[in-house]
Each structure stands twice: as C-alpha cells, then as structure tokens.
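Notes follow once the structure below has been shown.
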Amino acid sequence: MSEDKLSKIVSLCKRRGFIFGGSQLYGGLSSIWDYGPLGVLLKKRIKDIWWQEYVEKREDIVGLDSAIIMHENVFLASGHLSGFCDELVDCPQCKKRFRPDKAEKIDEKLYRCPYCGIEVDITLYKPRKFNLMLKTNLSAVETTPLWGYLRPETAQGIFINFLNVINTTHKKLPFGIAQIGKAFRNEVTAGNFIFRMKEFEQMEIEYFVKEEEADKFFEEWVKERFNFYIEKMGLKKENLRLREHTKEELAHYAKRCVDIEYNFPFGWSELEGIANRTNFDLSSHSKVSKKDLSYFDEEKKERIIPFVIEPSAGVDRTFFAVICDAYDEEIVKGRLRVVLRLKPELAPYKVAIFPLLKSDNQLVELAKKIFYDIKDKISSIYDDTANIGKLYRRQDEVGTPFCVTVDPQTLMDKKVTIRDRDTMKQERVSIDRVFEFIKERLNEECFIS
C-alpha cells in the first residue's frame, strides 16, 4: 500500500508539473530532478515561511548567502576530504549498491538487499568506501588544475564567515546565522524519488552559544523545529517522531544529534537533524587558516570558541513530506477523487477562476476580469482548457483551496459559484465580494504583501 502511494505521488508530481526528471530529454540522470512550474511555487512557499520565521521575525538570527564553490582547505578543516564517505555493498544479483547500516540485518554477515531482497554475505561482497565530494577545476588550464569543491552542506560557508558577521552586525551570544542554498553530494545509492539527491537544497541555522548553555539551547531547538513542521507545514503529528543518535552514529564533530523523522511511504526516515556540533568547526578552521575565530566573552573577560547548535533541514525532503502528508483519495459519486489537502499558506495557487463555457465570450471576459482584479492580491490562475469537472479535479490535485466559476446565471444575478477544496461545498457569492469572501477564510500569510 505504501509503495503504491509512493508511485501515485511520483505520478502526480510529474503529471501536474511539480517535478520532472533532470535532463529527461537525453535519458535523464540518476538522483537529479527539476522542479516544474507548480514545484517552484510550493518550494518557494516552504523557504519563505522558514526565512520569515527564523530571520525576519527574530532579532537574534541574521541571514547569509555564501558561495557554492569553496576552497579545498575549507573541507580539509571540516574533515570532509578525509571522512565524508559512505560504505556501500554491491548486490551480486541486481547490481545496485546499498548501505549496510540502512539495510535489514539478518545476522553478523548477512544483510538483505533493499532493492531485490536477496541475502548478501558481506564477507564475500565487502563494503567499499565511496567519497561523496564533488570537485571542479577552477583553473583555465587543464594541465595545471586548481581544485575547488562544491559544498556538501551550507554550514561551512557560515563558519568561515563567522568573523565577518560578528564584525559587521556586532551580535552577542547567543545568536544565529541562517542560510538557504544548494549543496551537492555524489550519492551512489539512488531511489525513493527526491528523498536522496545529488543536488539538493538546505535550510540551515548555526546557532552560536556559550558551552555551558549548549544543552539548554539544544533542547529548545529540537522542540522548536518539531513544532514548526506541525504548525507551519501542516504535517500530522502522528507522522513525526524524534530519534536520538547512538554514540556509534554520531558524526565526528557532534556531541548530540536528534533526527526529526517523517513516516514516508517507504518508512520512517530523517526529515531534519538537530546537532550539537560543539566548537569543532570554528576550532578546526582557526587551526587550518591560522586565523583567530574566537569570541570575546564580556562577562568572563576572556576569549572563547562558541559551541554551535545546528538545526539542518532539507527543502526537498520537506517538500516531499508536505506532498505525502497532503495526498488524499476518496470516492465521490462512484469516481476516485485525488486531492492535495495542502495547508493554504503552502498551496501554489489559492484561487482558480473558470468560465463554465469557453465558447461564451461574455463568461470568458467576466472570468478574466475577476482574475485580473485579484491576481495582484493573491496567487491565482485562470483556466478554460477543459470542462468544469476536469478543471475542478485538476485544481484538487494541485491543492488549490478555492475555485470560482462564472456561469450563465452570473450574467443575470451577478453572482459566481465558489467551491471549497476540502468540503466540495459550493456557495453563490456576489462578484464584488469574491475577494472579501476568500480573505475571510484564509490567513493573511496567504496574500501578496
């Protein structure tokens, strides 16, 4: 059933213009995806809400947009060059690679391939390390390369700009630096749609604190980020859980890490990680760069290296979880109805306007007038490319909360039919009250400011 839901969601995303295969015209690329017209709108909504919540509404967090290509020494200091690897096993039957730590363990040497289901003996097919870094030659001359790396996380751009931010904003501890941006990992294992990608987008905060306050802020950020997905993204609480990393799982820089996991169609998996990165990154960059990245503590009258609490979220995984959570099916009058019950703030379009009859110029003209009257105030779409039933179903599938229909009766009573996505209830509303009617039913975040 879950796999069936996954295939339906993938089909919906491709059919309705949320997501397309990357380089699809030339056969595509593994783990590379493009976002279509509706996908970019939903993705932008997610990023805008996150940015407003943590940068625009708070005084203790500032924004940053660092470069994607970074100096080799950045990743020497961070440990990525030496330790950013996945251990993978080659399945002898399906020829795909899988991570033993993510596969079903049968005994000490046997693991079940997650793709074809056979038992694989890792003493015969030994795990091999694959580096996930993507490098590029920054030199114009091939014979004398100057290697740079595409960042595998946005965090390092924040750490190497720590002093720049301190010196220009004069922030005092505790404070944070937030960033939304692309990251790149040469993922060898593929599958599960956009869950694991070679090119992906992150929303990260590095929150700098005193060492003695790190545990307190860690707990606060875990709670804050868990609630964000329920209150701001509209995810069901029963589809979310917290999972503490074991000591064996912790990254080399982390003292603690808690994952917020979502119950995807393929099972529970990480949506976001909140880590106590200690003072590892700033200390390491200080050592490699030979620059002082300490902070002067005015209370203690001494220089310290702040600890860092990092809430690291994936835009693409949040997008995926939002779609999965909103996807719903029901039988209406003997026919299957597919609807995305998106939180209205996230919906790509809030309103769709149709003429009942495309051939009636008066209806078309009036429908377009309503569209042009409201499109600058709220995200809207005009559509007359199908019959009314198909138009309704099309908007149901992309999560549009309200549909406005102009019909022949409108020419007489000056009223239109407004249909609610979730209840399918239809109401007749005066043309001059269309925007007011919608405004009464949506939060102010839904409107164009």
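The values are calculated or read from the model by the stated rules, or taken from the named source; none is laboratory data. Please read these numbers as outputs of a predicted model, since none were measured by experiment. Ideal geometry is used to build each Cβ from the backbone, glycine not excepted, and the neighbour counts take in all protein chains shown.
Couple of notes before you dig in:
- Just one of the listed residues (140, 178, 155) is touching a Phe, Trp or Tyr at 6+ places or on another chain (Cβ under 7 Å) and among the small types (Gly, Ala, Ser), namely 178.
- Candidates 218, 193, filtered to the one that is surrounded by 20 or more Cβ atoms within 10 Å (Cβ to Cβ) and at pLDDT 95 or above: 218
- The strands (runs of 3 or more DSSP E) found entirely in segment 246-303 that carry 2 or more residues being in contact with a helix residue (DSSP H, G or I) (Cβ under 9 Å, 6 or more places away or on another chain) and surrounded by fewer than 17 Cβ atoms within 10 Å (Cβ to Cβ) are 267-276.
- Flag if residue 39 is touching a residue at least 24 places away in the same chain (Cβ under 8 Å), small (Gly, Ala, Ser) and assigned to a helix (DSSP H, G or I): yes
- Filtered residues of segment 195-213 (kept if touching a Pro at 6+ places or on another chain (Cβ under 9 Å) and assigned to a helix (DSSP H, G or I)): 211, 213
- Every listed requirement among (1) over 18 Å from residue 184 (Cβ atoms); (2) touching a residue at least 12 places away in the same chain (Cβ under 8 Å); (3) surrounded by fewer than 13 Cβ atoms within 10 Å (Cβ to Cβ) is met by residue 7 save one, (2).
- Verdict on residue 168 being free of Cβ contacts under 8 Å to residues at least 12 places away in the same chain, part of a helix (DSSP H, G or I) and hydroxyl-bearing (Ser, Thr, Tyr): yes
- Residue selected from segment 10-36 under the condition polar (S, T, N, Q) and in contact (Cβ under 8 Å) with a residue 24 or more places away in the chain, by the criterion farthest from residue 324 (Cα to Cα): 30
- Checking each residue in segment 305-346 for being part of a strand (DSSP E or B) and farther than 22 Å from residue 219 by Cα picks out 327, 328, 329, 330, 331, 332, 335, 336, 337, 338, 339, 340.
- Only one of the numbered conditions (1) touching a strand residue (DSSP E or B) at 6+ places or on another chain (Cβ under 7 Å); (2) surrounded by fewer than 16 Cβ atoms within 10 Å (Cβ to Cβ); (3) outside the structural domain of residue 49 (by TED's automatic domain parsing) is violated by residue 123, and that is (1).
- Strands (runs of 3 or more DSSP E) contained entirely in segment 362-449, each with at least 2 residues that are under 29 Å from residue 44 (Cβ atoms): 380-382, 402-406, 415-420
- Residue within segment 319-331 that is more than 30 Å from residue 400 (Cα to Cα) and in the same structural domain as residue 53 (by TED's automatic domain parsing) present: no
- Residue that is nearest to residue 307 (Cα to Cα) [pool: residues in segment 140-164 that are more than 29 Å from the chain's Cα centre (by Cα) and in a loop (DSSP other than H, G, I, E, B)]: 146
- Residue 225 being surrounded by 14 or more Cβ atoms within 10 Å (Cβ to Cβ) and either more than 27 Å from residue 38 (Cα to Cα) or at pLDDT below 95 (or both): no
- Residues in segment 95-114 that are surrounded by 13 or more Cβ atoms within 10 Å (Cβ to Cβ) and either modelled with pLDDT of 90 or more or under 28 Å from residue 182 (Cβ atoms) (or both): 96, 97, 98, 99, 110, 111, 112, 113, 114.
- None of 338, 332 is over 20 Å from residue 418 (Cβ atoms), in contact (Cβ under 8 Å) with a residue 40 or more places away in the chain, surrounded by fewer than 20 Cβ atoms within 10 Å (Cβ to Cβ) and over 19 Å from the mean Cα position of the chain (by Cα) except 338.
- From the list 43, 8, the one residue that fits, being basic (Lys, Arg), in the same structural domain as residue 151 (by TED's automatic domain parsing) and under 16 Å from the mean Cα position of the chain (by Cα), is 43.
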